[in-house]
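Report on the structure given below.
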Amino acid sequence: MSNKAEERRKQILRAAFQAVFEKGFDNVTLQDIADYADVSKGVTSYYFQNKEDVFCHLLEWVTGKIYKNEHAAISNEYTALDKLRAYVNAAFASPSDNRKFYRVYLEFLSQSNHNEQFRQINDQFYENCWSIGREIVQLGQKEGTFANVNVDKASYTIRALIDGSLIQWLMRNNDKLHAFYRDNCFEAISSYLTNKNSQNNDQLNSHSFRCATTNQPCQHDQQL
């Protein structure tokens, strides 16, 4: 595929991403995607078979970009804790980027039980994420920084804490809390991996959760 054709495909995928973000998965048509891309419906149909084909390539493209960015971030660091910090920082890219990605991603997850291709793409995304976690944990154990935890279970836990923290932040709808959730996520993961006393961190997580569920401003919100 020529560079021009590849750029046109990316243009359509970026348009599809924005359309899903603004209109929701079920409400987007092939014509909407063409309109967002500022091309004709015929051009969209030339590069993709149908709307489902666009969405399959979109999910693969977006999750692939997330993995590449996160893997590149840890590749620039040398110690396990520095790699872990870089991984969390890359996952918490920015309030705007995280809000767009997770709103679109959750739309796709709602469809994955009924779409085998979506499920397979998502499975590959998580396998890629877990591979980052395994690399970090294995290095930390080799350094003597991390406890002798099960590497696979640790990789699942790391990603669960990252995604869970970001989804809870998204529910709070407060950009000022983005850094708080990022730092709290890193502290929770590092505490788990190093077997440090997590009592204070557990209390902080519990307080944050109570505030989220009651929708009342917690002490941290007031400080901000």
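The values are calculated or read from the model by the stated rules, or taken from the named source; none is laboratory data. Please read these numbers as outputs of a predicted model, since none were measured by experiment. Because the Cβ atoms are built from the backbone with ideal geometry, glycine has one as well, and the counts that use them run over all protein chains shown.
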What are the residues in segment 61-75 that are crowded, with 19+ Cβ neighbours inside 10 Å, out of contact with any Lys or Arg (no Cβ under 9 Å at 6 or more places or on another chain) and more than 15 Å from TYR105 (Cα to Cα), if any?
GLU70
Per-region count, segment 134-154, residues part of a helix (DSSP H, G or I) and over 12 Å from SER190 (Cα atoms):
10
Can you pull out the helices (runs of 4 or more DSSP H) entirely within segment 1-62 that have at least 2 residues that are in contact (Cβ under 8 Å) with a residue 40 or more places away in the chain?
3-23
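Here's the yes/no breakdown for (1) closer than 15 Å to LYS100 by Cα; (2) exposed (fewer than 15 other Cβ atoms within 10 Å of the Cβ); (3) among the β-branched types (Val, Ile, Thr):
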{"residue": "ALA16", "(1), (2), (3)": "yes, no, no"}
{"residue": "PHE21", "(1), (2), (3)": "yes, no, no"}
{"residue": "VAL28", "(1), (2), (3)": "no, no, yes"}
{"residue": "ALA34", "(1), (2), (3)": "no, no, no"}
{"residue": "GLY42", "(1), (2), (3)": "no, yes, no"}
{"residue": "PHE55", "(1), (2), (3)": "no, no, no"}
{"residue": "LEU59", "(1), (2), (3)": "yes, no, no"}
The residue that is farthest from LYS51 (Cα to Cα), considering only those in segment 105-114 that are polar (S, T, N, Q) and in contact (Cβ under 8 Å) with a residue 12 or more places away in the chain, is SER110
Can GLN111 be described as in a helix (DSSP H, G or I), under 30 Å from GLU22 (Cα atoms) and outside the structural domain of LEU13 (by TED's automatic domain parsing)?
yes
